[in-house]
Amino acid sequence: MRLLRLPGVFRPRSDSWMLARETVAALNGGRGDVLELCTGSGAVALEAAAAGARVTAVDISRRSVATVRLNAALRRLRVDARQGSLFEPVAGERFDVIATNPPYVPAATNDLPARGARRAWDAGRDGRALIDPICDAAPEHLSPGGTLLMIHSSLCGTEETLARLEAGGLAVDVPVRERGPLGPLMLARVEQLEATGALAPGEREEELVIVRGVKPASRG
């Protein structure tokens, strides 16, 4: 799928399409309410809308929101794109599927950039500055039986994410794992990653995963 992007909007990569496939597969025959957090270009949101879902896309970047709206209009798809931080624009709402590919690249500081390209990938010293609040808030925004799908790198602690979601009452697993060489963003920070122990000395591979959390269906 070809996407138009405003300047500064992160280009979707292979993990975006991996998440899009899993999101569409999680839909019940294409139906359902889908939320994409940290939508970026809107690649996942647009694929879900094309499959027939009712889709809301959220990003803190105004340019990202404008990019989603532009591509939705060009493809004649309905996507409700909202600007704001994580779940703030959807307070009180619940979804059948929440999909997210949040920033997860470990940075030199815990201070998140307020603007510029690094906002799309910098995520604090351990790469979890957005992962953790998403894990904590996602259960209350899932409908009974709903599914959270989150991409991140094994360098950010897959087991910690699973444990955090499980503590929130979700049944967890990892349906997709793809091991490969470090991407350019991680390669640029190998010294920092080795210093913190995220990478073993000389290691130049990571595992990209999709973590899945499913909320129990309501009883009765």
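The values are calculated or read from the model by the stated rules, or taken from the named source; none is laboratory data. The structure presented is a predicted model; accordingly, all values stated were derived computationally and were not measured. Virtual Cβ from ideal backbone geometry, glycine too; neighbours counted across all protein chains shown.
Cβ contacts < 8 Å: first residue closer than 25 Å to ARG212 by Cβ and at pLDDT below 80, restricted to region 3-25; second residue loosely packed, with under 13 Cβ neighbours inside 10 Å and acidic (Asp, Glu), any location; separation 6+ or different chain. Result?
Here the result reads none, with nothing in region 3-25 linked to a residue that is loosely packed, with under 13 Cβ neighbours inside 10 Å and acidic (Asp, Glu).
Examine region 55-62 for a residue that is in a loop (DSSP other than H, G, I, E, B), surrounded by fewer than 23 Cβ atoms within 10 Å (Cβ to Cβ), at pLDDT below 95 and among the aliphatic types (A, V, I, L, M), and state whether such a residue exists.
Going through region 55-62, the residues in a loop (DSSP other than H, G, I, E, B) turn out to be 60-61.
Then drop every residue that is not surrounded by fewer than 23 Cβ atoms within 10 Å (Cβ to Cβ), which leaves 60-61.
Among the residues that remain, those that are also at pLDDT below 95 are: 60-61.
Now drop any that are not among the aliphatic types (A, V, I, L, M), which leaves 60.
Yes - at least one qualifying residue is present in region 55-62.
Looking at region 181-191, can you tell me whether even one residue there is free of Cβ contacts under 8 Å to residues at least 12 places away in the same chain, part of a helix (DSSP H, G or I) and surrounded by fewer than 17 Cβ atoms within 10 Å (Cβ to Cβ)?
Yes, region 181-191 has at least one match.
Determine whether region 29-41 contains at least one residue that is outside any helix (DSSP H, G or I), at pLDDT below 95, under 15 Å from ILE210 (Cβ atoms) and not hydroxyl-bearing (Ser, Thr, Tyr).
Yes, there is a match, as at least one residue in region 29-41 is outside any helix (DSSP H, G or I), at pLDDT below 95, under 15 Å from ILE210 (Cβ atoms) and not hydroxyl-bearing (Ser, Thr, Tyr).
With the condition being surrounded by fewer than 17 Cβ atoms within 10 Å (Cβ to Cβ) and in contact with a helix residue (DSSP H, G or I) (Cβ under 6 Å, 6 or more places away or on another chain), I'd like the strands (runs of 3 or more DSSP E) fully within region 74-154 carrying at least 3 qualifying residues. Can you show your working first?
Values: elements: 79-83, 95-100, 142-153.
Of the strands (runs of 3 or more DSSP E) lying wholly inside region 74-154, none has at least 3 residues that are surrounded by fewer than 17 Cβ atoms within 10 Å (Cβ to Cβ) and in contact with a helix residue (DSSP H, G or I) (Cβ under 6 Å, 6 or more places away or on another chain).
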